[in-house]
Amino acid sequence: MISPLDLMKRVGVSGRLVPFFKCVCVYFVALGAGGGSSPSAGAVAAKCAPVLSLLLAVALHLAALPYHKGGYARRVAAGLALSALGDALLVWPQHFVAGMAAFGAAHVAYLAAFGFRRRAAATAAALYLATAAFLRLLSPPGPLRALVPGYALLLATMAWRGAARGRKAAAGALLFLVSDAILGYSLFGGPVPYKQVLVMSTYYLGQLGIALSALEAGAEASA
């Protein structure tokens, strides 16, 4: 997992994560003031800003790398950009399917980054079995009965490959999985107390872990 000491070290070395932490604070302050309750341009800005801050940090690291050493960071950057698009779309309930599609594309980008070199068969089995059991708790409406299991399978695969990569990618991918599981249950299973706080805190931490894995890979490549 990502330790507080490691986070502070990252902030202290480059300062590139400071905007992320500030944007997360602004989002939760806006949420507490009711800013997360109604669709608006301001809600989109508050929700997307943390992920866009991570995208900027990865892009700045990527700019300092030789092109042939930046493949992992480029794919993570694509995943962050697609996630921000998904965040914006999901502010409006009528764009739910489009938001799912954007996040599905983000998972594909993360999968391309994590790769398939390490098998981690036990982790795969555990995640797929847990996903199958979890889906039995959900009752999505007709148009989503096929889309939700398909998305869940893609998400579980992304979490498996992130876990197989290890370290910050593992923490980030698994937290992303937890975030979407809480969201999915709240939408299609039953009420979840403090849903928005739980979903968004695990989501932002998940994206942070994945972004840090790109910054770490960049640091290793440029060393």
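Just to be sure, is TYR128 over 24 Å from GLU216 (Cβ atoms), surrounded by fewer than 18 Cβ atoms within 10 Å (Cβ to Cβ) and without any contact (Cβ under 8 Å) to a residue 60 or more places away in the chain?
Values: over 24 Å from GLU216 (Cβ atoms): yes; surrounded by fewer than 18 Cβ atoms within 10 Å (Cβ to Cβ): yes; without any contact (Cβ under 8 Å) to a residue 60 or more places away in the chain: yes.
So TYR128 passes the test.
Considering VAL197, VAL148, which residue is touching a residue at least 40 places away in the same chain (Cβ under 8 Å), part of a helix (DSSP H, G or I) and open to solvent by 50 Å² or more (accessible area, probe 1.4 Å)? First the steps, then the outcome.
On the way: VAL148 fails: open to solvent by 50 Å² or more (accessible area, probe 1.4 Å).
Answer to the check: VAL197.
Here are SER139, SER186: which of them is in contact (Cβ under 8 Å) with a residue 24 or more places away in the chain and hydroxyl-bearing (Ser, Thr, Tyr)?
Working: SER186 fails: in contact (Cβ under 8 Å) with a residue 24 or more places away in the chain.
From the options SER139, SER186, the qualifying one is SER139.
When you scan the stretch 20-78, how many residues do you find that are part of a helix (DSSP H, G or I), free of Cβ contacts under 8 Å to residues at least 24 places away in the same chain and hydrophobic (A, V, I, L, M, F, W, C)?
Adding up the residues that qualify gives 10.
Please determine, by comparing only the residues of the stretch 12-29 that are at pLDDT 85 or above and aliphatic (A, V, I, L, M), which one is least open to solvent (accessible area, probe 1.4 Å).
Residues of the stretch 12-29 that are at pLDDT 85 or above, as a first pass: 16-29.
Keeping just the survivors that are aliphatic (A, V, I, L, M) gives 17-18, 24, 26, 29.
Details: LEU17: 4, VAL18: 52, VAL24: 26, VAL26: 90, VAL29: 103 Å².
Top of the filtered list is LEU17.
Could you tell me which numbered condition GLU216 fails, if it satisfies all but one of (1) of a type outside the set (Gly, Ala, Ser); (2) farther than 17 Å from ALA77 by Cα; (3) modelled with pLDDT under 95?
Tallying (1) of a type outside the set (Gly, Ala, Ser); (2) farther than 17 Å from ALA77 by Cα; (3) modelled with pLDDT under 95, GLU216 fails exactly one: (2).
One line per residue, one yes/no per condition, for (1) open to solvent by 50 Å² or more (accessible area, probe 1.4 Å); (2) under 17 Å from ALA173 (Cα atoms); (3) of a type in the set (A, V, I, L, M, F, W, C):
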{"residue": "LEU55", "(1), (2), (3)": "no, yes, yes"}
{"residue": "GLY71", "(1), (2), (3)": "no, no, no"}
{"residue": "ALA88", "(1), (2), (3)": "no, no, yes"}
{"residue": "PHE103", "(1), (2), (3)": "no, yes, yes"}
{"residue": "ARG118", "(1), (2), (3)": "yes, yes, no"}
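Could you identify the single residue in VAL199, VAL148, VAL108 that is aliphatic (A, V, I, L, M) and more than 26 Å from ALA49 (Cβ to Cβ)?
Answer to the selection: VAL148.
Determine, yes or no, whether GLY162 is more than 11 Å from the chain's Cα centre (by Cα) and within 17 Å of LEU54 (Cβ to Cβ).
Values: more than 11 Å from the chain's Cα centre (by Cα): yes; within 17 Å of LEU54 (Cβ to Cβ): yes.
For GLY162, the condition - more than 11 Å from the chain's Cα centre (by Cα) and within 17 Å of LEU54 (Cβ to Cβ) - is met.
What's the number of the only condition in (1) modelled with pLDDT under 95; (2) touching a helix residue (DSSP H, G or I) at 6+ places or on another chain (Cβ under 6 Å) that TYR194 fails to meet?
The number of the failed condition is (2).
Considering each of ARG165, ARG136 in turn, give the residue that is over 23 Å from ALA217 (Cβ atoms) and of a type in the set (D, E, K, R).
Step by step, each of ARG165, ARG136 is checked, and only ARG136 is over 23 Å from ALA217 (Cβ atoms) and of a type in the set (D, E, K, R).
Give the residues of the stretch 109-124 that are touching a helix residue (DSSP H, G or I) at 6+ places or on another chain (Cβ under 9 Å) and part of a helix (DSSP H, G or I), sorted by residue number. So that I can check it myself, show each step before the final result.
Residues of the stretch 109-124 touching a helix residue (DSSP H, G or I) at 6+ places or on another chain (Cβ under 9 Å): 109-120, 123-124.
Scanning the stretch 109-124 gives ALA109, TYR110, LEU111, ALA112, ALA113, PHE114, THR123, ALA124.
The values are calculated or read from the model by the stated rules, or taken from the named source; none is laboratory data. Because the structure is a prediction, the values reported are computed rather than measured. Quick reminder, even Gly has a Cβ in these numbers, built from the backbone with ideal geometry, and neighbours come from all protein chains shown. Accessible surface is based on the protein model in full, side chains and every heavy atom, while ligands, DNA and RNA are left aside. Shrake-Rupley method; radii C 1.70, N 1.55, O 1.52, S 1.80 Å.
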